[in-house]
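This report refers to the structure that appears directly beneath it.
The values are calculated or read from the model by the stated rules, or taken from the named source; none is laboratory data. Predicted model, so just to flag it, every value in this text is computed and none were measured. Quick reminder, even Gly has a Cβ in these numbers, built from the backbone with ideal geometry, and neighbours come from all protein chains shown. Accessible surface areas use protein heavy atoms only, side chains included; no ligands, DNA or RNA. Shrake-Rupley method; radii C 1.70, N 1.55, O 1.52, S 1.80 Å.
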Amino acid sequence: MHISEGILTLPVAAATTVAVVPFVAKGVSEIKKKVDEDPAVKPIIGLVSAAVFVISALPIPSPVSGSSAHPTAIAIAAILLGPWAAATVTGIVLMLQALFMAHGGISSWGANTLNMGVFGGFTGYGIYLVFKRSNLPLWVGLALAGAVADLTVYFATSATMAVALHGDRSIIDMTIATFVLFLPSLVLLIVLDGLFTVGLFNFIRERRPDLAARLGIPVRAES
Amino acid sequence: MTGKRALMLAGVLLAAMVLVSLFIPSQWEGVDVSVVQTRAQQMGGTVANPLINVTGDLQLFMFTIAGAIGGFIVGYSWRSLFGTPAQEQREGQKKASDRKEA
């Protein structure tokens, strides 16, 4: 999901950076508001950021493809912190990974943050909200949020590359062709991220109802 | 599904994926290289070197320092993150109710 340094053309790199800045800025103000209201959430934001950093850099091998891919954990970050704050956290995480781990790049920071923090985060959070407000089992919604958010991130990565490098070919065809190459590595990974999202969410709710209430998570065990 | 059960299932799945991958001939090459970079080159793009190329023991040094700083911060905030032991909570509640009665 990390688009490396130098892959994107200047217009695409600039446009994605300009597009993501308002999301990151809004996230900064959301985090500031949360911390002003309740200073105890500061270490929780730090811990979730550290978790996103580790998980999104962790190569998980896929026996299906023989290669490895990164889960994103963006859905659980968006559910716990809110999608705006998750976009900011993603921006910080991807900047550190680009600077010190050769994962992504400075020129592709905007695109990677947009794909993971905005498209992935808002998709995961949206699925969670639909299930939270309906009578459907919440754990199914959480699992779907984790899995679909990952797929969204990889699809958006494919689309960004296609937009930047399509030349005179069809953007849709190029997007699909790239996304299909990701799929064998994602088959089990999305199940893993779905289970992780359900597990962490319910674990916090069951073991730390006080923390869950602080984060706006419904405390009643529904599943 | 309880949190503990879901996390255990995730752990079992992860262990199975790693174990099976150890027994098949693969290099664990990441999709960042096998798909993103390869596909970019196929589409006529170029891949540049990272701005800061941290290699060798410098990477180990940075990870160790980052781990140490992160560990100290988590340790400092331990109780606000993971709560106080149940016994202390009970004692705190007892003291509060004693004060109320007094």
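Within segment A:10-33, track down each residue that is open to solvent by 50 Å² or more (accessible area, probe 1.4 Å) and within 14 Å of another protein chain (Cβ to nearest Cβ).
Of everything in segment A:10-33, those that are open to solvent by 50 Å² or more (accessible area, probe 1.4 Å) and within 14 Å of another protein chain (Cβ to nearest Cβ) turn out to be A:L10, A:P11.
For segment B:20-34, which residues satisfy the criterion of being farther than 16 Å from A:H2 by Cβ and among the polar types (S, T, N, Q)?
B:S21, B:S26, B:Q27
Considering only segment B:27-49, state which residues are among the small types (G, A, S), open to solvent by less than 30 Å² (accessible area, probe 1.4 Å) and assigned to a loop (DSSP other than H, G, I, E, B). Give the steps one after another, and end with the answer.
If we filter segment B:27-49 for residues that are among the small types (G, A, S), which is where we start, we get B:30, B:34, B:40, B:44-45, B:48.
Still in the list and also open to solvent by less than 30 Å² (accessible area, probe 1.4 Å): B:30, B:40, B:45.
Selection gives B:G45 alone.
Against the definition (more than 8 Å from chain A (Cβ to nearest Cβ), open to solvent by less than 60 Å² (accessible area, probe 1.4 Å), free of Cβ contacts under 8 Å to residues at least 40 places away in the same chain and not in a loop (DSSP other than H, G, I, E, B)), how does B:T64 come out, yes or no?
Criteria not met by B:T64.
Would segment A:155-176 turn up any residue that is assigned to a helix (DSSP H, G or I), closer than 30 Å to B:M8 by Cα, more than 10 Å from chain B (Cβ to nearest Cβ) and open to solvent by 30 Å² or more (accessible area, probe 1.4 Å)?
yes
Of the numbered conditions (1) open to solvent by less than 30 Å² (accessible area, probe 1.4 Å); (2) assigned to a helix (DSSP H, G or I), A:L96 satisfies every one except a single condition; which is it?
The one condition A:L96 does not meet is (1).
Can you tell me which residue in segment A:11-39 is modelled with the lowest pLDDT, limited to those that are charged (D, E, K, R) and in contact with a helix residue (DSSP H, G or I) (Cβ under 8 Å, 6 or more places away or on another chain)?
Filtering segment A:11-39 down to residues charged (D, E, K, R) leaves A:26, A:30, A:32-34, A:36-38.
Pick out the ones that are also in contact with a helix residue (DSSP H, G or I) (Cβ under 8 Å, 6 or more places away or on another chain) and you get A:26, A:30, A:34, A:38.
Working: A:K26: 96, A:E30: 94, A:K34: 91, A:D38: 87.
Filtering segment A:11-39 for residues that are charged (D, E, K, R) and in contact with a helix residue (DSSP H, G or I) (Cβ under 8 Å, 6 or more places away or on another chain), the one modelled with the lowest pLDDT comes out as A:D38.
Scan segment B:7-26 for residues that are part of a helix (DSSP H, G or I) and either in contact with a Pro (Cβ under 8 Å, 6 or more places away or on another chain) or open to solvent by 70 Å² or more (accessible area, probe 1.4 Å) (or both) and jot them down.
We begin by selecting, within segment B:7-26, every residue part of a helix (DSSP H, G or I); these are B:7-22.
Of everything in segment B:7-26, those that are part of a helix (DSSP H, G or I) and either in contact with a Pro (Cβ under 8 Å, 6 or more places away or on another chain) or open to solvent by 70 Å² or more (accessible area, probe 1.4 Å) (or both) turn out to be B:M8, B:L9, B:V12, B:M17, B:V18, B:L19, B:V20, B:S21, B:L22.
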